[in-house]
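The values are calculated or read from the model by the stated rules, or taken from the named source; none is laboratory data. Note that this is a predicted model, so its numbers are computed, not measured. Reconstructed Cβ throughout: ideal geometry from the backbone, glycine too, with neighbour counts over all protein chains shown.
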Amino acid sequence: MIECRNIKKIYKNGGSESLVLKGLSFNINPGEFVAIIGPSGSGKSTMMHILGALDKATSGEYLLDGKNVSVLSEDKLAEIRKKKIGFVFQSFNLLPRATALRNVILPLVYAEMPKEERDKKAKEALKNAGLDEKYYDYKSNQLSGGQMQRVAIARALVNDPSIILADEPTGNLDTKTGEIVLATFQELNKKKDHTIVLITHESNVAEHADRIIFIRDGEIVEDKKNPRKVLAGRINYID
């Protein structure tokens, strides 16, 4: 599904250049749950923007479903973001005065889906994200952090993307709530076969994935299967 071949990213500032990504190469197969981990300044956020079609590599190739994303126009990149990638961010990015259901419906409104169909799809997405039905009509500013993140996950799911890209999704959550959210990703990966790419700087968060790619100073220093998962399998979903 994802092929990255010698990805380099250079940022220019006046007359100086900064090489942020130094030739990264890796593949991610359909249905994998992969964590990309690295310290601040490692290049993981830059890599996330490239994977999410939010930015382009300076050189190298990024192939998504066999298509070279690196050479596409802005309109084509927007189409990929709309149809193939669901984003989950640390800050939730919900409309505070809209209900949980409305926040999830909005992408379908922009897609001009009929009302009856979009209501059904939004409720299904909220159910898959693990939000109790009694909270569907709560405004997002009335929800807990964990509940808001579940709404954000549902919004990412509602257009049936092939990839969920989660950028530090537990960064604003306490440990227990973070575990619940991470277990939600595991359940989605297990039951729905979503390909999940998790960006984090925390090793305990990365350990929820089946495979871990370590980035430091713009280079991959390790790419391995999670040994805990190989031995124990996926952990049970936490309700």
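Structural remarks
Here's the yes/no breakdown for (1) among the basic types (K, R); (2) closer than 21 Å to G178 by Cβ:
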| site | (1), (2) |
| --- | --- |
| G66 | no, no |
| R81 | yes, no |
| L94 | no, yes |
| T99 | no, no |
| L108 | no, no |
| A111 | no, no |
| Q142 | no, yes |
| Q147 | no, yes |
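- Taking first residues from the range 96-125 that are surrounded by fewer than 18 Cβ atoms within 10 Å (Cβ to Cβ) and partners that are assigned to a helix (DSSP H, G or I), the Cβ contacts under 6 Å between residues at least 6 apart in sequence or on separate chains come to P96/S140; P96/N141.
- Residue in the range 154-169 that is among the basic types (K, R), out of contact with any Phe, Trp or Tyr (no Cβ under 6 Å at 6 or more places or on another chain), modelled with pLDDT of 90 or more and over 21 Å from M48 (Cα atoms) present: no
Listed here are the residues, each with its yes/no results for (1) more than 17 Å from I37 (Cβ to Cβ); (2) touching a Leu at 6+ places or on another chain (Cβ under 8 Å); (3) at pLDDT below 95.
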position	(1), (2), (3)
A129	yes, yes, yes
Y135	yes, yes, no
Q149	yes, yes, yes
G178	no, no, yes
Q186	no, no, yes
K190	yes, no, yes
H194	yes, yes, yes
E207	no, no, yes
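- Every residue from the range 39-53 that is under 16 Å from I10 (Cα atoms) and polar (S, T, N, Q): S42, S45, T46
- Exactly one residue among G23, G86, G41, G60 is among the small types (G, A, S) and under 28 Å from K191 (Cβ atoms), and that residue is G86.
- Considering only residues in the range 28-80 that are in contact (Cβ under 8 Å) with a residue 60 or more places away in the chain and among the charged types (D, E, K, R), the one that is surrounded by the most Cβ atoms within 10 Å (Cβ to Cβ) turns out to be K44.
- Single residue of I213, I220 found to be surrounded by 22 or more Cβ atoms within 10 Å (Cβ to Cβ), in contact (Cβ under 8 Å) with a residue 60 or more places away in the chain and closer than 21 Å to T46 by Cα: I213
- Residue match in the range 189-199 (condition: touching a residue at least 12 places away in the same chain (Cβ under 8 Å), in contact with a His (Cβ under 8 Å, 6 or more places away or on another chain) and within 26 Å of N27 (Cβ to Cβ)): yes
- Failed item in (1) at pLDDT below 95; (2) touching a Ser or Thr at 6+ places or on another chain (Cβ under 8 Å); (3) closer than 23 Å to E168 by Cβ, with P30 passing the rest: (3)
- V181 crowded, with 24+ Cβ neighbours inside 10 Å and under 16 Å from L94 (Cα atoms): no
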